[in-house]
Amino acid sequence: MKKLIEGAGKLGIELNAGQIKRFELYYQELIEWNRRINLTAITDYSAVQAKHFLDSLTVTQALRGEEVESPDFSIVDIGTGAGFPGVPLKILLPQPRLVLIEPTTKKAAFLQHIIGKLELENTEVVNSRAEEAGHLPLYREQFALVLSRAVALLPALVELTLPFCRIGGRFVAQKKGEIDQEISRAERAVAALGGQLSQVKRIELGQFSDVRYLLIIDKIYPTPSKYPRRPGIPKRRPI
């Protein structure tokens, strides 16, 4: 896990032996399950360390130390797929509640398996679409930190994510490439869902061949009850 360890160090993260062992096991299980179900197109050992594990840990650059220590700090990962970025973050931060929302049943089964293998406590898998789970009282406006990676363009993504974010919490979207136009197109949706773009953090690491960004959106007002709309509508007809 040399590439992960070095990259994490540049983020100010020192991984301990137990965490490194968990990442190693995560890789092994990911590759084994990927032979049976389509979890990831990235399978090279070095590439998984950088493009999945390290990329997930860049989310820490959007966190405040004092909030992570809070007993009610909680995380939800929307459309997590094979567990990114939620599971790597949970390996690093074992205390917060983590909910992984994944609509594909086979991927949800892998998530249940990996949670058990890695012995991650206070972690839950929800096999549901975000448009449906976002209306459930157990999850609606309950989380301090909402995450999502490679799910949708920002105008649709905020409708899928901000309903889960509590007032005073934040949504962190991981993006790369040219993002200015995407941000501009999302302004109306961000405001309608009760959010406010507070920061765009540039992530540059030697382990990445491109420049990546964290878009940090604060939740300042409640999300109107009509959002999110029915499954598929946010992507087909963004606000």
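Every number here is computed from the coordinates shown, using simple stated rules; none is lab data. Not measured: the values here are computed from a predicted model. Cβ atoms come from the backbone with ideal geometry, glycine included; neighbour counts cover every protein chain shown.
Numerical summary
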{"read-out": "Full-extension gain in nm, Thr104 to Ala41, via 0.36 nm per residue minus C-alpha separation", "value": "21.0 nm"}
{"read-out": "Of the GluC sites (Glu not before Pro) in region 61-103, those whose Cβ has at most 14 other Cβ within 10 Å and which sit in DSSP loop", "value": "Glu69"}
{"read-out": "Gain in span if fully extended, Ser128 to Tyr221, counting 0.36 nm per residue against the direct Cα distance", "value": "31.0 nm"}
{"read-out": "Ser74, Ser209 arranged by Cβ crowding within 10 Å, fewest neighbours leading", "value": "Ser209, Ser74"}
{"read-out": "Taking the chain and dividing mean pair separation by its residue count, relative contact order in percent (alpha carbons under 8 Å, at least six apart)", "value": "17 percent"}
{"read-out": "Dimensionless Rg over Rh [region 1-105; C-alpha; Kirkwood]", "value": "0.96"}
{"read-out": "Counted charge near Phe208, where neighbours are those whose Cβ lies closer than 10 Å (Asp, Glu -1; Lys, Arg +1)", "value": "0"}
{"read-out": "Cα-based Kirkwood hydrodynamic radius, region 58-236, one decimal, Å", "value": "16.3 Å"}
{"read-out": "Spin-label proximity, Arg188 to region 145-174 - amide N less than 18 Å from point 7 Å beyond Cα toward beta carbon", "value": "153-160"}
{"read-out": "Hydrodynamic radius (Kirkwood) for region 101-180, which is based on Cα pairs only, to one decimal in Å", "value": "13.8 Å"}
{"read-out": "Val87, Val190 arranged by Cβ crowding within 10 Å, fewest neighbours leading", "value": "Val190, Val87"}
{"read-out": "Spacing of the two label points (7 Å from each Cα toward its C-beta) at Glu119 and Ile5, in nm", "value": "2.1 nm"}
